[in-house]
Amino acid sequence: MGVPKNFLKNINIKPVARNHERREQLWQEGMNASGTFVPKGVLYEDMDRDFIKLIEEDLVISVEGKEVPVFFLTMQRWAEFARTWKFTDKDRNVQMPFVTIVRNPDIQFGTNPVTQYTIPQKQRFDYMKVPNYDGDTMGYDIYRIPQPIAVNLTYQVRFFSYRMREINKFNKIIMQAFQSRQKYIKCNGHFFPVVLESIGDESTIDQFEQKRFYVQNFEMQLQGYIMDEDDYEVTPAIKRVMTLFETEPNISPSRSQTDGLNPEPELVEYSSEMIWEPGSLATPGLNKLTSEVIIDQSVLFTEFSLSNARDCAIISDDCTFISPLTQVSINDGVSFIYFNFPIQVLPGHILRSYLTVVDESIDSSMTVRGYINVI
Amino acid sequence: MENNRPNKVPITRLTKFFDDIDFDLEIGFGREYMEGDLNMTIILYSVDIERTDSDDVYKEVRSQDIRYFPPVEIQVNLEIAPAENQTYNSNGTLRYRDYGNMTFNVYQKQLDEKLCEIKYGDYIGYRDKEDSMKFWTVVNDGKIFSDNEHTVFGYKGATRTVECTTVDPNEFEGI
């Protein structure tokens, strides 16, 4: 019986993450691998370890029911013996078949264009902001890491055997694995391509009167990069800090000060009037002294207006005296000091002014206006 | 009626002072020395090609699948070359040191008496120590032995020189 075209024969009960979800998954995998907020570092030994794992686990073959051993070989003789003794005969010679891995000691700068010569001088870049709390303040730490350094590691993987059929078997596995020229390994959460560069034959078939065996050499190149965790930087960033400080309440803001002087619109307006009456006291400066006004609120005076008095901010031909001259006393009238607007006054402070009166036959006054401002 | 037996023509060279009786006498002296005095024994595992069930394509077999005729003890005069330190990898890693090649001389008459033949690829066992049997494989069976070195005064070939190289247990391990 035929099956309808759109009939699902296999239902994927574990959907594979894609796009952004997959990227988040990869990032999470990196986090899990390192156990920190930054990617785990990758060095040469990490790449060697995972390359060996690739050969041992993914490209392994078995002959006569036994797994073919894989030996990663270095120069130390005892280390070589330590790796191979389990697979030797009574003469302590390794029995075929087996696989050897030798890494060329000369590691070259990488040819992977993704990370090639783009950022000079180990410039570090913000990787992520990590919130922290030190018991008092909330803040962030900025984790910064430099661009990884691309490297190429070349490995010689040789398969030794006495039989053509075993050579075929291993060669087939390699061919299938590198069908698309490259195979990826995952090293500390980083994905690196392994490229099959060439396949060579080093068999000793021409040794007619000596021991003969097949040797097939697979040259592979791991295109990775190194990230040294010692190069990571963690720097503190934004912190939310509360700073308390005391101020002298009678310090007048400077003329150039602009911030913090405009009261909030909802503040309550306050005004007070200083009056001069004909016949009242005159001052040494020929200006007329107004009556003193005792302030009963904490007020920020910002402006003033004059009635029957001249407004002379500077001395000129028309203004032989500065008017008005304003004074404040913060010690119950014992002494007065000059001030300019705006000024913050407190309850009990006394204001007075000197005016150049226009018509001395009528009252003259100065009205100061501001806003109640509780400090 | 067809005669399958090869024609035999008597050898008459050197006949004035050497004949077949002298030849047998010389061989007798030599065998007394080689088989009696030296008594260096090897074991011939002659492969039974017909009974060995080999791979259809490559004619390869596993060591345990090799079938051979009943092993035969042969007294020979042998020499084993010194072992060499070698490495499997060209960069000097994975050392191995195996026995050197074995070369032995054997009287053809002994082989004829024991109804055995040494052929290319047969295996040779030699007990170099009480608890150790090492195997070689024949790389030169010495079947042509009419040169001066292997004849008695140029009368007729008497001895064969057989060359062998070592085999791993993976290839052959005897009984």
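The values are calculated or read from the model by the stated rules, or taken from the named source; none is laboratory data. Model, not experiment: these values are computed from the prediction. Heads up, the Cβs are rebuilt from the backbone with ideal geometry, glycines too, and the neighbour counts pull from every protein chain shown.
Right, residue A:57: away from chain B (no Cβ under 14 Å), surrounded by fewer than 14 Cβ atoms within 10 Å (Cβ to Cβ) and of a type outside the set (Val, Ile, Thr) or not? In short, yes.
Consider region A:28-51 and keep the residues that are at pLDDT below 80, among the small types (Gly, Ala, Ser) and under 23 Å from residue A:110 (Cβ atoms). The one that is farthest from the chain's Cα centre (by Cα) is A:33. Based on this model, can you work out whether residue B:13 counts as within 30 Å of residue A:75 (Cα to Cα) and outside any helix (DSSP H, G or I)? No; evaluated as a whole, the condition is false for this residue.
The set of residues in region B:152-166 that are within 14 Å of chain A (Cβ to nearest Cβ) and crowded, with 20+ Cβ neighbours inside 10 Å comprises B:162, B:164, B:165, B:166. Only residues that are among the charged types (D, E, K, R) and out of contact with any Asp or Glu (no Cβ under 9 Å at 6 or more places or on another chain) were counted across region B:74-95, and they come to 1. Residues of region A:176-221 that are out of contact with any Lys or Arg (no Cβ under 8 Å at 6 or more places or on another chain), free of Cβ contacts under 8 Å to residues at least 12 places away in the same chain, within 14 Å of chain B (Cβ to nearest Cβ) and of a type in the set (A, V, I, L, M, F, W, C): A:208 alone.
Residues checked against (1) within 11 Å of chain A (Cβ to nearest Cβ); (2) in a strand (DSSP E or B):
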residue: B:76; (1), (2): no, yes
residue: B:90; (1), (2): yes, no
residue: B:97; (1), (2): yes, yes
residue: B:111; (1), (2): no, no
residue: B:119; (1), (2): no, no
residue: B:128; (1), (2): yes, yes
residue: B:134; (1), (2): yes, yes
residue: B:169; (1), (2): yes, no
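Every condition in (1) over 30 Å from residue B:129 (Cβ atoms); (2) at pLDDT below 85; (3) more than 17 Å from the chain's Cα centre (by Cα); (4) of a type outside the set (Lys, Arg) holds for residue A:89 except the one numbered (1).
Going by the structure shown, is residue A:58 in contact with a Cys (Cβ under 7 Å, 6 or more places away or on another chain), within 30 Å of residue A:96 (Cα to Cα) and modelled with pLDDT of 75 or more? In short, no. Every condition in (1) closer than 21 Å to residue A:272 by Cα; (2) hydroxyl-bearing (Ser, Thr, Tyr); (3) surrounded by fewer than 20 Cβ atoms within 10 Å (Cβ to Cβ) is met by residue A:353 except one, and the failing one is (3). Can you say whether residue A:36 is without any contact (Cβ under 8 Å) to a residue 24 or more places away in the chain and either more than 13 Å from chain B (Cβ to nearest Cβ) or farther than 27 Å from residue B:85 by Cα (or both), as far as the supplied structure shows? It is true that residue A:36 is without any contact (Cβ under 8 Å) to a residue 24 or more places away in the chain and either more than 13 Å from chain B (Cβ to nearest Cβ) or farther than 27 Å from residue B:85 by Cα (or both).
Applying the selection to region B:78-88, what residues are among the β-branched types (Val, Ile, Thr) and within 10 Å of another protein chain (Cβ to nearest Cβ)? Across region B:78-88, the qualifying residue is only B:87. Just one of the listed residues (A:179, A:210) is closer than 18 Å to residue A:61 by Cβ and part of a loop (DSSP other than H, G, I, E, B), namely A:179.
For (1) farther than 28 Å from residue A:51 by Cα; (2) of a type in the set (A, V, I, L, M); (3) within 14 Å of chain B (Cβ to nearest Cβ); (4) in contact with a Leu (Cβ under 9 Å, 6 or more places away or on another chain), each residue gets a yes or a no:
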{"position": "A:144", "(1), (2), (3), (4)": "yes, no, no, no"}
{"position": "A:149", "(1), (2), (3), (4)": "no, yes, no, no"}
{"position": "A:160", "(1), (2), (3), (4)": "no, no, yes, yes"}
{"position": "A:163", "(1), (2), (3), (4)": "no, no, yes, no"}
{"position": "A:166", "(1), (2), (3), (4)": "no, no, yes, no"}
{"position": "A:169", "(1), (2), (3), (4)": "no, no, yes, no"}
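Can you spot a residue in region A:79-99 that is under 26 Å from residue A:152 (Cβ atoms), exposed (fewer than 15 other Cβ atoms within 10 Å of the Cβ) and within 12 Å of chain B (Cβ to nearest Cβ)? So far as region A:79-99 goes, yes, one or more of its residues are under 26 Å from residue A:152 (Cβ atoms), exposed (fewer than 15 other Cβ atoms within 10 Å of the Cβ) and within 12 Å of chain B (Cβ to nearest Cβ).
Hydrophobic (A, V, I, L, M, F, W, C), exposed (fewer than 12 other Cβ atoms within 10 Å of the Cβ), within 25 Å of residue A:152 (Cα to Cα) and modelled with pLDDT of 80 or more, is that true of residue A:75?
On the way: hydrophobic (A, V, I, L, M, F, W, C): yes; exposed (fewer than 12 other Cβ atoms within 10 Å of the Cβ): yes; within 25 Å of residue A:152 (Cα to Cα): yes; modelled with pLDDT of 80 or more: yes.
Against the criterion (hydrophobic (A, V, I, L, M, F, W, C), exposed (fewer than 12 other Cβ atoms within 10 Å of the Cβ), within 25 Å of residue A:152 (Cα to Cα) and modelled with pLDDT of 80 or more), residue A:75 qualifies.
How many residues does region B:41-70 contain that are among the hydrophobic types (A, V, I, L, M, F, W, C) and within 14 Å of chain A (Cβ to nearest Cβ)?
So the first thing to find is which residues in region B:41-70 are among the hydrophobic types (A, V, I, L, M, F, W, C), and the list is B:42-44, B:47, B:49, B:57, B:61, B:66, B:69.
Now restrict to residues that are within 14 Å of chain A (Cβ to nearest Cβ): B:57, B:61, B:66.
So the count comes out to 3.
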